[in-house]
Amino acid sequence: MSDAAPRLRLDTLDRLGRGGGFVPPAVDPRSLRVGIVHLGIGAFHRAHQAVFTELAAAAAGRDDWGIAGVTQRSASVRDQLTPQDGLYSLLERGSGAAPVRVVGSVREVLHGAGDPAAVVDRIADPAVRLVTLTVTEKGYRRDGTGRLDRSDPEIAADLTGRPPRTVVGQLVRGLQRRSAGAAGPVTVLSCDNLVGNGEVLRELVHDFLDALPAAEASPLADWIATSVRFPSCMVDRIVPATTDDDRADVRAALGLEDRGVVVAEPFRQWVIEDDFAADRPAWDRAGAVLTDDVAAWESVKLRMLNATHSLLAYLGALRGHDTIAAALADDELAAAAEALMVEDVAPTLRVPDGLDLAGYRRQVLERFANPALRHRTVQVAMDGSQKLPVRLLGTVRDRLAAEAVPRQAALAVAAWMAYVAKGRDARGRQLPLDDPLADQLRVAAAAGAGDPKRLVDSLLHVEEVFGPDLPEHDAFRAALVDHVARLTA
């Protein structure tokens, strides 16, 4: 193949026809009209909800569920996809992987930081009936109590009435524009790893309203109460960072250059609360589960899969393992992962109907062991201060309430503490601390340097992570000290 391969676009895709080693878009992208605005169009959304949405549109014969994606900070996704007419490819890695799929459900990409007014305009578009989000835990800009952080400079600036640059600000101003016109009802669907993500988002929207003048906020709150729904959902698919090798494999399959390649495991899951203000895609016909009990599914996923992911990330990174699969190949770490799920997590769960918990546990470990994904430990280790409360500390609190010492969950928390404090792995390589509280965590770790008890006490008193209650549990603290002493020796 020539080094000057043409770029993936509608016209080059058309020339390839429907043969070859790839799957073309399930619907004609040219016919799709935008019906969804998605805030946070990173790799996960493109490997997950965008695929479900395209397959749902094809199953129902609908042409009104195209996606307008918003990249919140960097313009890189816009710059990748706009020259490609929104097209990109999905490369599955692992046993049972499907051929390369070209996805065409994204019809527009906006840069929220560069053109925030355009985001508000899109949310207010009467053709839009859904706003979905994958902005990660920190994108919601919550304070230590979980409410909207009004001291955040960007939130404060959005409250002054500037074109909004925060997710909550964009939502509120978009809803405000809808309420002033005839745009009709809309559903706002968070797809982030937050407990009760729909209720969390609804409360943040109302926190923003509460900071506005009453004359402005009151009629909008009334309209939201009758015209907007905030269902919760649970999403699951492992989506590692794309590498040059991945792009080369796609290029070989398509004969085209694709700068927007996303990589994922074959497994995908989406459980959605069936509570919509208006029409929705036929996601159930694409494999999603519509239910009235998302919470049970969500707890299983957060506490078993995500918590185990974090444990392997921190313990694996400390030992010098580059990937989650390599960490799980370490017998001691594999045993720790199994023990976390069996001894601490399982007793806290309300298992949803139809789920075999033991089978789910085995499936989690099989997925993490997939060497083709190359999911980097330091990537999973990012944003620990945001992830620990939703992945691990609920389990810790439930076990303590049952008068049990959560030693396995404490090991995962201790591994995070050691990761923060040591800053280097067993091979002497630097461990990046990519976290919104990085400066505060470094100060806390430095205050406890050289002494496991001081280190645990210092980090336990970062209230944004542990709240006021956990530092008071002597048995939990003792377990942390024991683990940290071993991990930092």
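Which value in Å does the Kirkwood hydrodynamic radius of segment 275-314 take, with 1/r averaged over all unlike C-alpha pairs and then inverted?
Working: mean 1/r = 0.0807 Å⁻¹.
Kirkwood radius, segment 275-314: 12.4 Å.
Any idea how far the Cα center of segment 141-214 sits from the one of segment 245-273, in Å?
If we compute the Cα centre of each part, the gap is 32 Å.
How much of the accessible area of segment 359-416, probe 1.4 Å, is carbon plus sulfur, in whole percent? Could you put the intermediate results ahead of the total?
Values: 1000 of 2070 Å².
Exposed carbon and sulfur together represent 48 percent of the surface.
Debye sum, Cα scatterers, segment 343-432, no solvent: what log₁₀ I/I(0) at q = 0.15 1/Å?
-0.77
Over segment 259-351, what percent of the accessible surface lies on carbon and sulfur atoms, probe 1.4 Å? Walk me through the numbers on the way to the answer.
Details: 1330 of 3080 Å².
After summing per-atom areas, the C and S share lands at 43 percent.
Keeping all protein chains in place, calculate the accessible area per residue for segment 386-459 (probe 1.4 angstrom), answer in Å². Mind dumping the intermediate values first?
On the way: 3240 Å² over 74 residues.
Per residue, segment 386-459 has 44 Å² of solvent-accessible surface.
Of all DSSP beta bridges in segment 1-143, what percent run antiparallel (nearest 5)?
On the way: 3 of 19 bridges.
Here the share of antiparallel DSSP bridges comes out near 15 percent.
Out of 117, 98, 55, whose Cα points farthest toward the positive end of the dipole of segment 14-139 (charges: +1 Lys, Arg; -1 Asp, Glu; placed on Cβ)?
So the residue furthest toward the plus end is 98.
Work out the length of the dipole vector of the chain about its Cα centre, built from +1 on the beta-carbon of each Lys and Arg and -1 on the beta-carbon of each Asp and Glu, and round it to the nearest 20 debye.
For this selection, approximately 900 debye.
Mind giving me the nanometre distance, one decimal, between the label points for residue 4 and residue 74, set 7 Å out from Cα along Cα→Cβ?
2.9 nm
Output the 0 to 90 degree angle, nearest 10, between the alpha-carbon long axis of helix 307-319 and the longest principal axis computed from the alpha carbons of the chain.
60 degrees
What does the helix-only formula give at 222 nm for the chain: each DSSP H stretch with n ≥ 4 adding -39500 (n - 2.57), the total divided by the residues, and the result rounded to the nearest 500 deg cm²/dmol? The partial results should precede the final answer.
Values: 23 runs with 216 residues, N = 489.
So the calculated ellipticity at 222 nm is -12500 deg cm²/dmol.
Whole number please: convex hull volume per residue of the Cα set in segment 275-423, in Å³? Walk me through the intermediate numbers first.
Details: hull volume 20.6 nm³, N = 149.
Convex hull of Cα atoms, per residue: 138 Å³.
Convex hull over the alpha-carbon atoms of segment 118-259: what's its volume per residue in Å³? Write down the numbers at each step before the final one.
Values: hull volume 21.3 nm³, N = 142.
Taking only Cα atoms, segment 118-259 has a hull volume of 150 Å³ per residue.
Output the antiparallel fraction of DSSP beta bridges having both residues in the chain, as a percent to the nearest 5.
Values: 10 of 39 bridges.
Restricted to the chain, the bridges split so that about 25 percent are antiparallel.
Using only Cα atoms, locate the centre of segment 321-335 and the centre of segment 120-140, then give the distance between them in Å, rounded to an integer.
One Cα centre to the other: 38 Å.
Output needed: percent of Cα pairs per 10 Å distance bin for the chain, bins running from 0 to the one holding the longest distance.
4, 19, 28, 27, 17, 5, 0
Please give the charge dipole size of segment 257-393, origin at the Cα centre, charges +1 on K and R Cβ atoms and -1 on D and E Cβ atoms. Round to the nearest 20 debye. Write down the numbers at each step before the final one.
Values: 15 positive and 22 negative charges, 76 e Å.
Taking the Cα centre of segment 257-393 as origin, the dipole is about 360 debye.
For residue 301, give me every one of the lysines with a C-alpha distance below 16 angstrom, ignoring sequence neighbours fewer than eight places off in its own chain.
387
Using the Cβ atoms and a cut-off under 12 Å, what net charge is assigned to the surroundings of residue 316, where Lys and Arg are +1 and Asp and Glu are -1? Before the final figure, lay out the partial values.
Details: positive: 319, 376; negative: 322, 330, 332, 425.
Residues close to residue 316 contribute a combined charge of -2.
Across the chain, where is the longest run that never hits trypsin sites (Lys or Arg not before Pro) in a DSSP loop with at most 10 other C-beta atoms within 10 Å? List each step's numbers first, then the result.
Values: sites that count: 18, 350, 427.
The longest such stretch corresponds to 19-349.
At a Förster radius of 41 Å, what calculated FRET efficiency corresponds to the Cβ-Cβ distance of residue 16 and residue 274, to the nearest 0.05? Working shown, then result.
Working: r = 39 Å, r/R0 = 0.94.
The calculated FRET efficiency here is 0.60.
Taking +1 at the Cβ of each Lys and Arg and -1 at the Cβ of each Asp and Glu, which of 337, 381, 358 sits farthest along the dipole of segment 329-413 towards its positive end, judged by Cα position relative to the Cα centre?
The listed residue farthest towards the positive side: 381.
The values are calculated or read from the model by the stated rules, or taken from the named source; none is laboratory data. Nothing here was measured: the structure is a model prediction, and the numbers come from that model. As a convention, Cβ positions derive from the backbone with ideal geometry for all residues, glycine included, and neighbour counts pool all protein chains shown. What goes into the accessible areas is simple: the full protein's heavy atoms, side chains included, and nothing from ligands, DNA or RNA. Shrake-Rupley method; radii C 1.70, N 1.55, O 1.52, S 1.80 Å.
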